[in-house]
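To keep things clear, I will list the structure first and then write my remarks on it.
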Amino acid sequence: MRVDPGFALGKNGTKGHRFSRSFVGRGWISLVSVLFLVAGTISLIAGPAEAATLTFSTTADAVVKRDSPTINFRTATGLKADNSPVEMIFLKLTVTGTAGSTVTGAKLRLFATDPSNSGGQVRRVLNNSWSENTITFNNAPVAETPIVASRGAVADNTYVEFDLFGAIKGDGTYSFRISNTSSDGVIYSSKETS
């Protein structure tokens with residue numbers, strides 16, 4: 001099995017999502033790439049480097065549905081962002097290893113499993129206390145109003161990138177919500193995809 005740069009493969013060659021963080025640092029830099037679905041962890045050492053990339057998988061992902069406001073969909077293999085009926089995606093990750101470095105870019109990469117005329121709008125969620133095991137539409141944390149990133153049309157079985165540099169500047173835990181103004185909803189692979 002070949003692993004191309006820019007995405008991670010999980011069990012049985014399935015695809016998931018990841019957050020990628022580029023930064024400029026000094027000296028030796030440890031690069032970590034986490035494969036999805038507990039497929040494994042790859043640690044690389046690069047040195048001395050002017051620039052490097054850190055890659056992180058999400059620690060939690062979930063979909064919530066207005067039509068099922070009290071149901072938790074923790075084992076969903078697809079994450080849908082749709083306006084009719086309303087469905088929203090929540091993603092959480094922890095960034096580490098950027099101390100002493102200047103972050104120069106941050107991208108979220110998702111694998112689309114269903115096409116749409118809109119890839120969705122990403123907003124920051126400041127409350128990181130939510131859990132993929134308990135989140136529902138009724139108890140989902142509120143997202144900030146400004147859109148951090150958005151995408152137009154996306155094709156089936158393709159990778160979609162969102163530029164999150166405006167929201168991720170260094171180490172910390174970050175949460176995001178992806179919603180959609182289109183009734184032609186997009187579906188991305190979840191970390192539970194097998």
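The values are calculated or read from the model by the stated rules, or taken from the named source; none is laboratory data. All of these numbers come straight from a predicted model, not from anything done at the bench. Positions of Cβ are backbone-derived with ideal geometry, glycine not excepted, and every protein chain shown enters the neighbour counts. Surface accessibility is based on the protein's heavy atoms, side chains included, excluding ligands, DNA and RNA. Shrake-Rupley method; radii C 1.70, N 1.55, O 1.52, S 1.80 Å.
Once you keep just the Cα pairs under 8 angstrom separated by 6 or more residues, what percentage relative contact order results for the stretch 109-163? Rounded, it is 58 percent for the stretch 109-163. Scalar couplings 3J(HN,Hα) for the stretch 176-191, obtained by applying the Karplus form with A = 6.51, B = -1.76, C = 1.60 to θ = phi - 60°, are 9, 10, 10, 10, 8, 8, 9, 8, 9, x, 9, 10, 10, 5, 9, 5 Hz; x denotes Gly and Pro. Using heavy atoms of the protein chains and a probe of 1.4 Å, the accessible area assigned to T104 is about 80 Å². Largest first, the residues E144, E132 sort by 1.4 Å accessible area into E144, E132. Per-residue surface analysis assigns D82 an accessible area of about 10 Å², computed on protein heavy atoms at 1.4 Å probe radius. Using the Cβ-Cβ distance between D184 and T104 with R0 set to 35 Å, the FRET efficiency works out to roughly 0.55.
At 0.36 nm per residue, minus the direct Cα-Cα distance, what do T59 and A153 gain on full extension? Give it in nm, one decimal, please.
Working: separation 94, 0.36 × 94 = 33.84 nm, distance 2.69 nm.
Answer, rounded to one decimal: 31.1 nm.
The magnitude of the dipole of the stretch 113-170, with charges of +1 and -1 set on the Cβ of Lys/Arg and Asp/Glu and taken from the Cα centre, is near 240 debye.
For the stretch 51-144, what relative contact order do you get, as a whole percent, if you take Cα pairs closer than 8 Å and at least 6 residues apart?
Contact order relative to length: 37 percent.
When the Cα atoms of the stretch 38-194 are aligned to their principal axes, the ranges along those axes come out at 52, 34, 32 Å in descending order.
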